[in-house]
C-alpha cells in the first residue's frame, strides 16, 4: 500500500498537479474573504517589518550623526518604534489567527463535503472498498490539508517579505539593491538543488519509516507464530537492518538540511552584508555616506534571506498535500451512486405487497448471481429464502433494499415499480433486521431511536417490551440510558439482536426483511428471539432468510435457492414430501437440535 | 533535567561526537558576535571619515572568513547533534523490538498492538527531541546567551546592556507558559479529532444499518456537529499558537524601546559611538532565540521524560517463560505424557478452571485426535504444550523430561504448529512457507506445498511463489491460507506436528488428501489433530472429546461410535452434511 502511494507521489505529472491544486483550492472559495483579510494582514506585517529599520535609520542619520538629538527626540523615536512594534504585534496575531481559522474551516468544508459524498454512494462502493481506506480519506487526508494550507501561508509571507524588503532597499539605494539582486540566481540554484535532493531523500525516509512501523506492527500481530517457530533472532536481525537503513536515510536528510537549509542561507546573508559594506565603504572613500542607511540595508538583507529557509523546508509538505488532495478527489469523483429513484414524492406504500418478476442481477456485470427470480408475497404473508452460502439469498435482499440496482426484470411493491417510491418512503416502510446486529456508541435509547427525533421515549419502551428486550434492559445500570460501548461489545449477541429488533419495530414497518443470524446465539435469549420474530412478523409482509429451518415452518411460501435460481418452492409440508434439497437440510438441522 | 542523567549512558557512549558538536556550537556562538561588531566598526569609520581602502579590505576579509567558518561549523554541529538524536531513537527502537520478541502472551494481552505502536512511534519521537532539540537548546542557550551578553557588556556598554536585557527573561517565561497551555489545548484538539475518527469508523462499519434506516441525512448532520467540535477545539489551539510570534515581538519591542532611549542618551553624551549602537541592536536580536529556547527546553524535557518513563516501563516487563539453567538441549523425542490437574489463564477468575484433569499419553509416532465444541478448551491444551503458559498444576513430559526442562529451541523448533488463525506475513508466499528457515531451497518449499495440497493454487497465481501476501498483495481465501500455514509447519519436518482446527476451511476431499499425505511422509513421527470435523480425527489411535475444559469421552473412532454421546451425534450430523454437499455438486 505504502509503496504504491509512494509511486503515486512520484508519478503525478506537473500538469495534473496543477489541476488537482485548482480543484482542491476551489473548496476554499467560501472562505475567500477571510483568506483575503489574512493576506491583507500579511502585507501589513511585511510593511511594518520594512518600517522598523527605517525609523532607526532616520534616527541615526538625521539626529545622532548630526548631533542634533535632544532628550525629547530620543524619547519620541523610542516611542514611535515601540508604537509600530505594537501595531506589528497585533497585525501578526490577526494574520496567523485568521489564516489558521480559514484553513481550519476549509478543511471542515472538505470533510463535510467528502462525508456527504460518501453517503451518496451505493453499497457497491462500500462492499468493495476497505473500511480503513475510506476512514483514512475522511480523516487523515483531510487533516493533511492543514499543513498544505500552511505552505501557502509560508509562501505568501515569503514572497511578500522578499518583495517588500527589496522595495524598501530600492527606495534607499537603487545601485546597491541591484547588486544584491545578484544573489537571486544563486538562491534559485540552491532552492532547486535542495528540492531535487531533499525530496528524494525525504520520500525515501518516509517510506522507510512506514516500512519500519509496519514491520513492527506485523511482528506484534504475528508474535505467536514467530515464537512458535523460534524465529526471534532472525527477525531481530532483519529489524536491525531496516532500522539501520532508516537511520541512514534520516541521517542523509539531516546532512542535506544542514548543508542546504539555514546554514547556507545564513552564509549568503553574511556575504550580502560584505557586499553592502564594500559598496558603501568604497563610496565613503570619496564622499560621505549616511551610516543609518547601511544599518537599514543590513536589516533588509536579513528580511530578504530569512523566509527562504522556511519556504524550502515546506516544499516536502507541499508534495504530501498534493498526494492527499488527489486521494480526496478520487472519492469525490466516484460515481458508484445509490441506485436512482424516480421523483414521485407522493408515492406511498399502503399494502406492503412485494413481487419479483423475472429479476436477474449481477455484481460485476458478468456473473449473474440471481437468474430470473419470480415470486410474490401478499400483504401480511411470509416468504422464506433457504439455500447455501452463495445461493443468492442475500442478493435478493440487496435488490429489495435498493442497495444495488437490478439488471433485468421488475420488482414491484403494491403493484408499482420499486423505483417509483422516494427512498425515504421505502426506508420507512421496510425494516431490515441484519444478521450481525451492529450497535453504535451511545445509550440503549440512542440505539433504538437511531437519530430519529420523532420517536418518543414511550415508544421506545413499548417497542422494547414488544420484542421482550425490556427484561434485560431494565436490569441494566441506567436502564434505557445504559451506555453502549463501541459495537456493543458488552452485550451478548442475543441481547444485541433484541435491541435491533426494537429499533426496527419502533418504526412500525409494513414490510419486514429478516436476515437471520447464523452464529450461535446464547441459549438464554434464544427463545426470546424466536418469540420476538414471530411477534414482529404478525400482520407484516415478511421476507426472511432462514438458517434455522424450524423457525420458518409456518411460512406461507419457502423458496429454496441454488446458484441464483429458485430450485424448489412450496410450503414446509409440500417440500418435505417432495424429498429434495430442503428435506435433507431440514433433517440435518433436526439432528443438530436434538443434541443441543 | 533528570532525563539527561537517565540518558547519560547514551551521552557517554557518544561522548566524542557530542563534544565535537557542542564545541562547534560554542565557536559558532563566538563567531556570531563578529559580524555585528564589524558592521559597527565600519559604520563608525565611515561616519568619522576614517575609512581607508586597506582597512575596508581588512574588515571585509575577516567578515567573509567568519561567514565561511560559521557555515562549516553550523553544518558540523547539526550533523553531530541531530545525527546522535536519530541514533538514540534507533537504539531504543531496537531495544523495544527485541524486548517485544521476548515477551510472553500475557504481555500481549496486557498491551494492545495500538498501544505498543504508539510507544514505539510517539514516545521515541519525544526521546529524539530530548537528545537533539534538548541538548541543542541547552548548549545553544547557554553559549549564545553568555557570549552575547559578555560581548554587549565589554564591547558596547555595561549600563546599556543591563537595562536593555531587563524584559528578556519574559521571553523564557512566555515560551514556557504558552508552550504548556498549547500542549494542553492541543491534546484536547487531538482528542476531538480521534473522536471524529471513531465516528467515521463506526459509521462506515455500520453503513448498512444507516442505509437500512435511511438515516444518511441524520448521520451527515451528526458528522457536521463533530467537525464543528473539532473546529472549536482547534480554535482554542490557534488562539494560543498565534500568540508566540506576537509575544516575542512585544517583549523585544520593549527591549528596543530601552535600547533606543538609553542608547540615544549615551550617544548624546559621547559615551558610545553610532557603530556601537548598531552593533548593540544586532546583538539584542541574537538573544531572542536563546531566551525563548530556555522556555521551550522545559517543555521538551517534560514530554521527553514522560516518554522515557513509558518506554522504561515496557522494558521492565518480564516474561514468565524462562529457560532453566542447564536445560535439556537434546531435541524432544519419545512419548508425550499430559498430566494436567488444573490450569487457569492468569487474568481469568479463579473459580472457573480453563482445564481440569487432562490426562493422556501419546506414544512416539502415534496420532491423537482432540474434538469438542468451540471454546471447549482444545486450543488451551495445545498452548500449554507450546509453553505459552507455564503455570499449571500438573506436568507435561516429553521423552521423560518435563517440557519446562527443555531449552525453548529443543522443544519448539521440533514442533510444527498450525494455528487456527493462520497468520501470514506480508511477504511472498515462498518466504511465508520457508518462514522457519529462509535458506531452504525452492524444491523443499514446493515439496511442502505439494504435501499441503496448495502447490497447484500457488502456481496458478500471477506471480507463483513470488506472489505477495497481505494488504499489498493478493487476498487468499481462508482455505488457501490454512494450507500455506500447513506447508510452513510441514517444511521443518517436525518431531511433533499439531494441527489446531487448521483444516476447517478446506473441503472434505482436500482434507483427505492432506491427511493421507501427512500420514505417508510422517511415519514414525507424532501428530496431534484438534478439529471440529470428525473426519479429521477418525483415523487417530486415540481420540479425546473435550467439553468444558475436561475430557468427557475417549477411545478410538469405533469405540466412540459405540457410546451414545457427543461424538456419535456429531459424526452422524456431519455425514448428512456431506451428503447434501454431494447433492449440491
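Please treat every number below as a calculation from the coordinates, not as lab data. Keep in mind that this is a model prediction, so the values were computed, not measured. Cβ sites come from the backbone with ideal geometry, for glycine too, and all protein chains shown count toward neighbours.
Using only Cα atoms, tell me the angle between helix B:566-584 and the longest principal axis of chain B; keep it within 0 to 90° and round to the nearest 10.
Here the helix axis deviates by roughly 80 degrees.
Can you check what the Kirkwood hydrodynamic radius comes to for region B:244-403, Cα pairs only, in Å to one decimal?
23.4
Only bridges with both residues in the protein assembly as shown count here: give the DSSP antiparallel percent, nearest 5.
50
Nearest 0.05, what FRET efficiency do residue A:23 and residue B:395 give at R0 = 56 Å with Cβ-Cβ as r?
Between residue A:23 and residue B:395 the formula returns 0.20.
To test your reading of the geometry: what angle, between 0 and 90 degrees and rounded to tens, separates the Cα axis of helix B:34-47 from the longest principal axis of chain B?
20
Given the -39500 (n - 2.57) contribution per DSSP H run of 4+ residues, what per-residue ellipticity at 222 nm results for chain A, rounded to the nearest 500 deg cm²/dmol?
Counting only the DSSP helices, I get -21000 deg cm²/dmol.
Angle check, please: helix A:232-260 long axis (alpha carbons) against the longest principal axis of chain A (alpha carbons), in degrees 0 to 90, nearest 10.
Long axis of A:232-260 versus the principal axis of chain A: about 40 degrees.
Using the count of nearby Cβ atoms within 10 Å as a rough guide to exposure, how do B:497, A:585 rank from fewest to most?
Ascending Cβ contact count within 10 Å gives the list A:585, B:497.
Any idea how far the Cα center of region A:384-434 sits from the one of region B:149-166, in Å?
Region A:384-434 and region B:149-166 have Cα centres spaced 85 Å from each other.
Looking at chain A, send over the antiparallel percent of its DSSP beta bridges, to the nearest 5.
About 55 percent, rounded to the nearest 5.
Cα-Cα pairs above 25 Å in region A:1-145: how many percent?
Here the tail beyond 25 Å accounts for 56 percent of pairs.
Need one number: % antiparallel among DSSP beta bridges in region A:354-595, to the nearest 5.
Around 55 percent antiparallel, to the nearest 5.
On full extension of the chain, what length is gained from residue B:12 through residue B:98, given 0.36 nm per residue of separation minus the C-alpha to C-alpha distance?
This chain segment gains 28.7 nm when fully extended.
Taking the Cβ of each residue in A:584, B:558 as the centre, tally the other Cβ atoms inside 10 Å and list the residues starting with the fewest.
Neighbour counts put them in this order, fewest first: B:558, A:584.
Using 7 Å Cα-to-Cβ label points, what is the residue B:155/residue A:371 separation (nm, one decimal)?
Computed distance between label sites residue B:155 and residue A:371 equals 9.2 nm.
Is the protein assembly as shown rounded, prolate or oblate when judged by the Cα gyration tensor, a ≥ b ≥ c being the square roots of its eigenvalues, rounded requiring a/c under 1.5 and prolate requiring a/b larger than b/c?
Prolate is the answer for the protein assembly as shown, as a/c is 1.5 or above and a/b outweighs b/c.
Ignore the peptide's own chain and count Cβ atoms of other chains within 10 Å of each Cβ in A:131-139; give me the average, rounded.
5
Fewest to most neighbouring Cβ within 10 Å: what's the order for A:66, B:428, A:219?
Taking fewest neighbouring Cβ atoms as first place, the list is A:66, B:428, A:219.
Report relative contact order for chain B in percent, whole number only (criteria: Cα-Cα under 8 Å, sequence separation at least 6).
14
Counting only helical runs of four or more DSSP H residues, what would the 222 nm mean residue ellipticity of chain B come to if each run contributes -39,500 (n - 2.57) and the total is spread over all its residues?
Only helices count here, giving -20000 deg cm²/dmol.
Sticking to Cα atoms, compute the Rg of chain A to one decimal and its Dmax as the biggest Cα-Cα distance, whole number, in Å.
Values for chain A (Cα only, Rg and Dmax): 36.0, 123 Å.
For region B:416-493, what does the alpha-carbon gyration tensor say about shape, rounded, prolate or oblate, given a ≥ b ≥ c as the root eigenvalues, a/c under 1.5 as rounded, and a/b over b/c as prolate?
rounded
What percentages make up the Cα-Cα pair-distance distribution of region B:336-452 when the bins are 10 Å wide from 0?
P(r) over region B:336-452, rounded to whole percents: 11, 35, 32, 19, 3, 0.
Residues in region A:239-255 near a label at residue A:200, defined as backbone nitrogen under 20 Å from the 7 Å Cα→Cβ point?
Under 20 Å, as judged by backbone N against the label point of residue A:200, lie A:245-255 of region A:239-255.
Using a Förster distance of 30 angstrom, determine the FRET efficiency expected from the C-beta separation of residue B:548 and residue A:482, and round it to 0.05.
The formula returns an efficiency of 0.45 here.
So what's region B:158-271 giving for Rg/Rh, alpha carbon basis, Kirkwood Rh from the mean inverse pair distance?
1.40
Please label the shape of region A:14-332 as rounded, prolate or oblate, based on the square roots a ≥ b ≥ c of the eigenvalues of the alpha-carbon gyration tensor (a/c under 1.5 means rounded; beyond that, a/b larger than b/c means prolate, else oblate).
Prolate.
Inside 10 Å of the C-beta atoms of A:255-266, what's the mean count of C-beta atoms belonging to other chains?
For this peptide, the per-residue mean of nearby foreign Cβ atoms is 4.
Rg/Rh for region A:69-177: what does it come to with C-alpha atoms and Rh from Kirkwood?
1.30
Which distance in nm do the two modelled labels at residue B:405 and residue A:146 give, with both placed 7 Å along the Cα-to-Cβ direction?
6.2
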